[in-house]
Amino acid sequence: MPTPIRIGDRVFAPSWILTVLAIALCTAFASLGRWQWERGEARAAQWAEFERRADRILPLGSRSLEEVPRFQRVRVSGRYDSEHQFLLDNRSYAGRPGYEVLTPFELTDARVVLVNRGWVPFTGYRERLPDVSFEPEASLAVTGRVDELPVAGLASGRVAPARDGPWPKLTSFPSIAELSAALGRRIEPRILLLDPDEPHGYVREWRPPGIEPARHWSYAIQWWGLAILVAILWGVMSMKKVSRS
């Protein structure tokens, strides 16, 4: 046991068990706070990159989407394949359930890019999918941001699209390989988030994935606050009143 310290009519005499437990908790909470703070900094850098990539539009040309920085705005030319579309399930907007619409876009060099045309609301019935059909132009140029497919946090949330059956095909957190297999054509490894002012789109309020940096920093402060609270409780519980004989 640490050496007791007399303070007025009380004595500071923490037990080894209480001290070890307090050190362990303070260390854990401080580490969690640092982890959240670093995540906030990484997220802030990602959000800054998202904003920076909006300033310039690059023509894709013969480059693959893998060769273009993530979030970069690019312009592609070709035509939509509106007869073969995918509906990404489990996508919400303003707290409402719905889908995001992925439409194949055949480039002038015959490559296929998936364009995310935005969010549509859930119809209220699982067996009745929203109508996302449209009559596309024979040839047009569209602009959007280069991005990755959404990734599920849990494996149980992934559902590959069916290889047969009617279109559009419902899917949840698929891979590019699974989408290519369902379409029967090779698809570029990244997708395009259709610009908000482009035609043939739905709700498009694009933002970097994940929560805002400020929330990570808020969580960090909460963890550090818990570490301070544990230290204070350790000090209070270690103070014992001296009995007068």
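The residues of the chain expose, per residue, 57 Å² of accessible area to a 1.4 Å probe. In the assembled protein chains, TRP37 presents an accessible area of approximately 90 Å² (probe radius 1.4 Å).
Note on the chain: antiparallel DSSP beta bridges, both residues inside, total approximately 80 percent of the bridges counted.
Taking the inverse of the mean reciprocal distance over all distinct Cα pairs, the Kirkwood hydrodynamic radius of the chain comes to 21.8 Å. Tell me whether segment 34-152 comes out rounded, prolate or oblate; compute the Cα gyration tensor, take square roots of the eigenvalues as a ≥ b ≥ c, and use a/c under 1.5 as the rounded threshold. It is oblate, given that a/c is not under 1.5 and a/b is not larger than b/c. Of the trypsin sites (Lys or Arg not before Pro) found in segment 106-142, those that fall in a DSSP loop while having at most 14 other beta-carbon atoms within 10 Å are ARG126, ARG128. Calculate, for VAL159 and ARG63, the FRET efficiency according to 1/(1 + (r/R0)^6) with r their C-beta to C-beta distance and R0 45 Å; round to the nearest 0.05. For VAL159 and ARG63, the calculated efficiency is 0.90. Label segment 141-196 by shape, choosing from rounded, prolate and oblate, from the square roots a ≥ b ≥ c of the eigenvalues of the Cα gyration tensor; if a/c is under 1.5 it is rounded, and otherwise prolate applies when a/b is larger than b/c, oblate when it is not. Oblate is the answer for segment 141-196, as a/c is 1.5 or above yet b/c matches or exceeds a/b. Qualifying trypsin sites (Lys or Arg not before Pro) in segment 143-245, where qualification requires a DSSP coil assignment and no more than 15 other C-beta atoms within 10 Å, comprise ARG158, ARG163, ARG185, ARG186, ARG244. Ordered from longest to shortest, the equivalent ellipsoid semi-axes for segment 158-245 are 57, 19, 10 Å, each the square root of 5 times a Cα gyration tensor eigenvalue. Within the chain, the selection of entire DSSP H helices by a Cα span of 18 Å or greater along the long axis and an average Kyte-Doolittle value of at least -1.0 returns 16-52, 213-238.
What is segment 37-86 by shape, rounded, prolate or oblate, if you read a ≥ b ≥ c off the alpha carbon gyration tensor as root eigenvalues and call it rounded for a/c under 1.5, prolate for a/b larger than b/c, and oblate otherwise? Judged from the Cα gyration tensor, segment 37-86 comes out prolate (a/c at least 1.5, a/b above b/c). Taking amide H atoms as placed 1.01 Å from N in the peptide plane, the amide H of LEU170 lies under 5 Å from those of LEU87, ALA162, each 5 or more residues away in sequence or on another chain.
Once C-alpha pairs closer than 8 Å and six or more residues apart are averaged by separation and normalised to the residue number of segment 1-104, the relative contact order reads 14 percent. Divide the volume of the convex hull around the Cα atoms of segment 1-101 by the residue count and you get 257 Å³ per residue. The GluC sites (Glu not before Pro) of segment 39-105 that meet both conditions, a loop assignment by DSSP and at most 16 other Cβ atoms within 10 Å of the site Cβ, are GLU83. Sequence-distant contacts, meaning Cα pairs under 8 Å at least 6 residues apart, place the relative contact order of the chain at 28 percent. Go ahead and set up a Gaussian network model of the chain, Cα springs under 10 Å, then flag whichever of GLY33, GLY78, GLY225 fluctuates most. Maximum among the listed residues: GLY225. As a length-normalised measure over Cα pairs under 8 Å and 6 or more apart, the relative contact order of segment 105-191 settles at 33 percent.
The values are calculated or read from the model by the stated rules, or taken from the named source; none is laboratory data. Not measured: the values here are computed from a predicted model. A quick note on method: Cβ atoms are made from the backbone with ideal geometry, for glycine too, and the neighbour counts reach across all protein chains shown. Side chains are part of the model used for accessible areas, which takes the heavy atoms of the whole protein and leaves out ligands, DNA and RNA. Shrake-Rupley method; radii C 1.70, N 1.55, O 1.52, S 1.80 Å.
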